[in-house]
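Engineer: Handing you a structure now.
The values are calculated or read from the model by the stated rules, or taken from the named source; none is laboratory data. Just so it is clear, the model here is predicted, and its values are computed rather than measured. Backbone-built Cβ (ideal geometry, glycine too); neighbour counts: all protein chains shown.
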Amino acid sequence: MKRTGAFLTVYALEQIGVRFTLGMPGVHNVELYDELGKSEQIDPVLVTHEGGGAFMADAISRTSSQIGTLVIVPAAGTANAMPGIGEAFLDGIPMLIISGGIRRDTGKYYQLHAVNQERWLDGIIKRYYLIREHAAIIPTIYEAYETALEGEPGPVFVEIPAEIQMFEGEVETLLPYVPSLPPPPRPSAEDIQAAVELLSAAEHPGLYVGWGAVDAVSYTAQLAELLVAPVSTTLQGLSAFPANHPLHTGVGFGSASVPAAQKAFKQCDALLAVGVRFSELATGSYGLPVPENLVHVDIQPEVFHKNYPAKVAIHGDAAEVLRLLVEAFRERGYQSPRSLETLASMIKTEKEAYMQRWLREKQPDKVSPGWFFKHLRHYLEDDAIVAVDDGKHTFLTAELLPIYQPRGFISPSDFNCMGYCVPAAIGAKLVNPHRQVVGIVGDGAFLMSGLELLTASDHGLGVVLFVFHDGELGQISQFQKISLNRKVCTVLPSFDVAGIAQGVGAHFFAMRHDGEVESVIQEALEIARTGKPVLVDVNIDYSQKTFLTRGVVKVNLRRFPPREKARFVFRALKRHITG
């Protein structure tokens with residue numbers, strides 16, 4: 001039979017369960033979009049920028065069982081999408097990118113969009129595929145899909161030249177998709193036993209979990225309760241352990257973590273780290289006091305021994321390894337010498353005391369982070385999805401907003417790209433239409449992708465975006481102020497959030513002071529239920545620093561060579577004294 005490449009591509013995407021594609025049509029993929037328009041399963045979503053589309057695709061993969069799928073033009077479209085592709089690559093998020101390609105049947109040079117995309121993308125994708133014949137389209141897309149999911153997930157890129165999309169070619173049959181993903185590597189019994197021996201001998205074991213363990217919450221909880229061990233998470237893995245579990249302590253456990261975590265892990269003599277890479281952001285700039293007795297579990301063996309050497313390294317899927325550990329401890333009849341009630345009581349007391357630091361007398365002219373997050377948590381349902389961006393608001397959210405459900409919190413992490421939140425919230429709402437989805441974004445990051453709210457309006461997606469508006473690139477301006485006593489290129493021009501809301505078809509609220517916080521949050525969430533996006537301009541007070549901010553400054557300064565440390569300290573003191 002003969003079929004166009006565009007038809008075959010859409011058929012393959014339907015077979016692997018794609019329901020949404022994100023992107024923009026152009027001369028190199030117009031046939032693909034024509035076929036997508038005929039599909040009864042796939043809704044092609046027009047975005048305002050391919051970068052926003054890539055962040056939406058990332059969020060679809062993070063918050064659902066579907067794979068986020070981009071359909072873009074080559075060169076310019078790929079360049080625009082690269083921040084989102086890079087985010088997915090460094091954060092271990094599956095993504096499928098279908099790109100048009102220049103014609104290879106004309107013999108002509110210097111065509112529009114003629115770049116070597118394989119070479120260009122090297123370093124931020126798992127694999128690149130170039131389609132050379134019609135018969136390769138379906139099996140290649142199936143293989144690309146499984147490559148994106150296998151092992152440590154990540155983005156894959158399929159380039160389909162324009163002539164293959166447009167013209168008909170011979171195929172023997174329309175192959176249905178039959179899953180052929182290999183099972184994850186099974187950990188050895190010897191490694192499991194070694195981990196059990198090491199953790200059993202510890203007096204104060206602890207658990208540290210990341211995004212790689214986000215689907216293993218039940219086993220993590222069972223093991224933590226057996227060991228009577230506190231549990232901390234990475235920033236990206238904030239939802240990998242429920243904040244309302246009595247052994248949950250927060251993000252990290254070093255000087256950049258909240259007091260509950262610091263105190264619970266103070267005497268930690270053995271650590272089980274699952275689905276983490278000990279990256280810079282997750283460790284508070286490598287400030288975690290990781291004990292010598294480390295058991296490290298990950299699906300990607302390359303992460304072992306990189307920043308912290310492990311006594312036991314277990315290559316395997318988080319849920320499977322944790323299940324085997326739980327079974328081994330139960331078979332052993334292990335009884336922890338610690339009291340769960342005592343540890344849980346201490347954690348609860350420290351958490352409540354820390355929150356009280358942020359709940360001072362209500363301000364008449366600013367919005368206090370403590371009151372904002374206290375009321376937001378009250379009105380959010382347990383399964384709500386919260387998206388954040390990169391900035392000071394990120395760390396406030398991590399410290400002050402409890403997350404209860406797996407995959408209920410998404411954020412840019414190791415790629416750490418600003419502009420993530422708005423499109424990510426939209427992508428999450430696309431595939432979770434019946435769940436509350438809110439975004440918390442700094443004003444600088446909002447300026448990068450805020451117009452993507454047009455997509456939410458066009459599709460009737462009731463997301464609520466809270467813009468923490470202080471007129472600065474807050475996190476960096478704070479670092480500049482502390483160490484340099486001056487701000488360079490971190491003060492933003494004034495802009496009208498209400499005008500942007502009107503322009504993109506969103507409902508607008510101004511949250512000017514603490515007295516308005518509760519009512520605005522309640523009303524915004526109610527309006528969002530009607531399918532209308534809501535934009536809230538939050539007059540945030542950033543004067544109080546998070547532990548993460550303070551901790552990172554201290555950790556980095558301690559690592560400076562003595563001479564340079566003295567120079568930086570003296571310069572800071574001199575500038576603060578002299579102005």
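Engineer: Taking PRO433 as the residue in question, decide whether it is surrounded by fewer than 24 Cβ atoms within 10 Å (Cβ to Cβ) and assigned to a loop (DSSP other than H, G, I, E, B).
Structural biologist: Numbers: surrounded by fewer than 24 Cβ atoms within 10 Å (Cβ to Cβ): yes; assigned to a loop (DSSP other than H, G, I, E, B): yes.
So PRO433 passes the test.
Engineer: List the strands (runs of 3 or more DSSP E) that sit entirely inside the range 107-224 and contain at least 3 residues that are at pLDDT 95 or above.
Structural biologist: On the way: elements: 127-130, 155-161, 168-170, 205-209.
So the answer is 127-130, 155-161, 205-209.
Engineer: Also, quick follow-up: Applying the selection to the range 31-45, what residues are closer than 26 Å to LEU461 by Cα and either touching a helix residue (DSSP H, G or I) at 6+ places or on another chain (Cβ under 7 Å) or assigned to a helix (DSSP H, G or I) (or both)?
Structural biologist: The answer is LEU32, TYR33, ASP34, GLU35, LEU36, GLY37, LYS38, SER39, GLN41, ILE42, PRO44, VAL45.
Engineer: Scan the range 378-435 for residues that are hydroxyl-bearing (Ser, Thr, Tyr) and free of Cβ contacts under 8 Å to residues at least 60 places away in the same chain and report the count.
Structural biologist: Here is the first cut: in the range 378-435, the residues hydroxyl-bearing (Ser, Thr, Tyr) are 379, 394, 397, 404, 411, 413, 420.
Narrowing further to those that are free of Cβ contacts under 8 Å to residues at least 60 places away in the same chain: 397.
The qualifying residues number 1.
Engineer: Considering only the range 83-105, I want to know if a residue exists there that is surrounded by fewer than 24 Cβ atoms within 10 Å (Cβ to Cβ), out of contact with any strand residue (DSSP E or B) (no Cβ under 7 Å at 6 or more places or on another chain), more than 21 Å from ALA424 (Cβ to Cβ) and modelled with pLDDT under 95.
Structural biologist: Within the range 83-105 (the criterion being surrounded by fewer than 24 Cβ atoms within 10 Å (Cβ to Cβ), out of contact with any strand residue (DSSP E or B) (no Cβ under 7 Å at 6 or more places or on another chain), more than 21 Å from ALA424 (Cβ to Cβ) and modelled with pLDDT under 95), the answer is yes, since at least one residue qualifies.
Engineer: Residues being under 30 Å from ALA260 (Cα atoms), surrounded by fewer than 23 Cβ atoms within 10 Å (Cβ to Cβ) and either touching a strand residue (DSSP E or B) at 6+ places or on another chain (Cβ under 9 Å) or among the small types (Gly, Ala, Ser) (or both): count how many of those fall in the range 518-559.
Structural biologist: Going through the range 518-559 one residue at a time, the tally reaches 5.
Engineer: Considering each of SER413, SER483, SER494 in turn, give the residue that is surrounded by fewer than 22 Cβ atoms within 10 Å (Cβ to Cβ), part of a loop (DSSP other than H, G, I, E, B) and at pLDDT below 95.
Structural biologist: SER494
Engineer: Can I ask one more? Any residue that is in contact (Cβ under 8 Å) with a residue 40 or more places away in the chain and out of contact with any Pro (no Cβ under 8 Å at 6 or more places or on another chain) - is there at least one of those in the range 107-115?
Structural biologist: Keep residues of the range 107-115 that are in contact (Cβ under 8 Å) with a residue 40 or more places away in the chain, which gives 112-113, 115.
Those left that are additionally out of contact with any Pro (no Cβ under 8 Å at 6 or more places or on another chain): 112.
For the range 107-115, residues in contact (Cβ under 8 Å) with a residue 40 or more places away in the chain and out of contact with any Pro (no Cβ under 8 Å at 6 or more places or on another chain): present.
One line per residue, one yes/no per condition, for (1) under 20 Å from the mean Cα position of the chain (by Cα); (2) small (Gly, Ala, Ser):
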position: ILE125; (1), (2): yes, no
position: THR140; (1), (2): no, no
position: GLY154; (1), (2): yes, yes
position: GLN165; (1), (2): no, no
position: THR173; (1), (2): no, no
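Engineer: Six or more apart or on different chains, Cβ atoms under 7 Å: show the pairs whose first residue is in the range 23-35 and assigned by TED's automatic domain parsing to the domain that holds GLY77 and whose second is among the acidic types (Asp, Glu) and assigned to a helix (DSSP H, G or I).
Structural biologist: Going by the 7 Å Cβ cut-off, the qualifying pairs are GLY23/GLU50; MET24/GLU50.
Engineer: Still on this structure, please answer the following. Quick one: ALA425 ticks every box in (1) farther than 13 Å from LEU238 by Cβ; (2) in a strand (DSSP E or B) except a single one, so which number is it?
Structural biologist: (2) is the only condition that ALA425 fails.
Engineer: Could you run through the range 438-477 and say how many residues are acidic (Asp, Glu), crowded, with 23+ Cβ neighbours inside 10 Å and either modelled with pLDDT of 95 or more or assigned to a strand (DSSP E or B) (or both)?
Structural biologist: 1
Engineer: Within the range 31-81, restricting attention to residues that are of a type in the set (S, T, N, Q) and under 20 Å from the mean Cα position of the chain (by Cα), which residue is surrounded by the fewest Cβ atoms within 10 Å (Cβ to Cβ)?
Structural biologist: The first filter runs over the range 31-81 and keeps only residues of a type in the set (S, T, N, Q), leaving 39, 41, 48, 61, 63-66, 69, 78, 80.
With the extra rule that they be under 20 Å from the mean Cα position of the chain (by Cα), the set shrinks to 61, 63-66, 69, 80.
On the way: SER61: 27, THR63: 26, SER64: 17, SER65: 8, GLN66: 18, THR69: 28, ASN80: 20.
So the residue we want is SER65.
Engineer: With within 26 Å of SER279 (Cβ to Cβ), of a type in the set (Phe, Trp, Tyr) and assigned by TED's automatic domain parsing to the domain that holds GLY427 as the only criterion, which of TYR404, TYR379 stands out?
Structural biologist: On the way: TYR379 fails: within 26 Å of SER279 (Cβ to Cβ).
Exactly one residue qualifies, and that residue is TYR404.
Engineer: Moving to a separate point now. Considering each of ALA572, ALA510 in turn, give the residue that is of a type in the set (A, V, I, L, M, F, W, C), part of a helix (DSSP H, G or I) and either over 28 Å from LEU465 (Cβ atoms) or assigned by TED's automatic domain parsing to the domain that holds VAL463 (or both). First the steps, then the outcome.
Structural biologist: Numbers: ALA510 fails: part of a helix (DSSP H, G or I).
Among ALA572, ALA510, only ALA572 is of a type in the set (A, V, I, L, M, F, W, C), part of a helix (DSSP H, G or I) and either over 28 Å from LEU465 (Cβ atoms) or assigned by TED's automatic domain parsing to the domain that holds VAL463 (or both).
Engineer: Filter the range 219-243 down to residues that are farther than 15 Å from GLN267 by Cβ and within 21 Å of the chain's Cα centre (by Cα), then give me how many there are.
Structural biologist: Of the residues in the range 219-243, 13 are farther than 15 Å from GLN267 by Cβ and within 21 Å of the chain's Cα centre (by Cα).
Engineer: Out of the range 524-563, which residues are part of a loop (DSSP other than H, G, I, E, B), over 17 Å from ALA498 (Cβ atoms) and either modelled with pLDDT of 95 or more or touching a helix residue (DSSP H, G or I) at 6+ places or on another chain (Cβ under 8 Å) (or both)?
Structural biologist: Filtering the range 524-563 for residues part of a loop (DSSP other than H, G, I, E, B) gives 529-533, 539, 541-546, 560-561.
So of that shortlist, the ones also over 17 Å from ALA498 (Cβ atoms) come out as 529-531, 541-546, 560-561.
ARG529, THR530, GLY531, ASP541, TYR542, GLN544, LYS545, THR546, PHE560 - these are the residues of the range 524-563 that are part of a loop (DSSP other than H, G, I, E, B), over 17 Å from ALA498 (Cβ atoms) and either modelled with pLDDT of 95 or more or touching a helix residue (DSSP H, G or I) at 6+ places or on another chain (Cβ under 8 Å) (or both).
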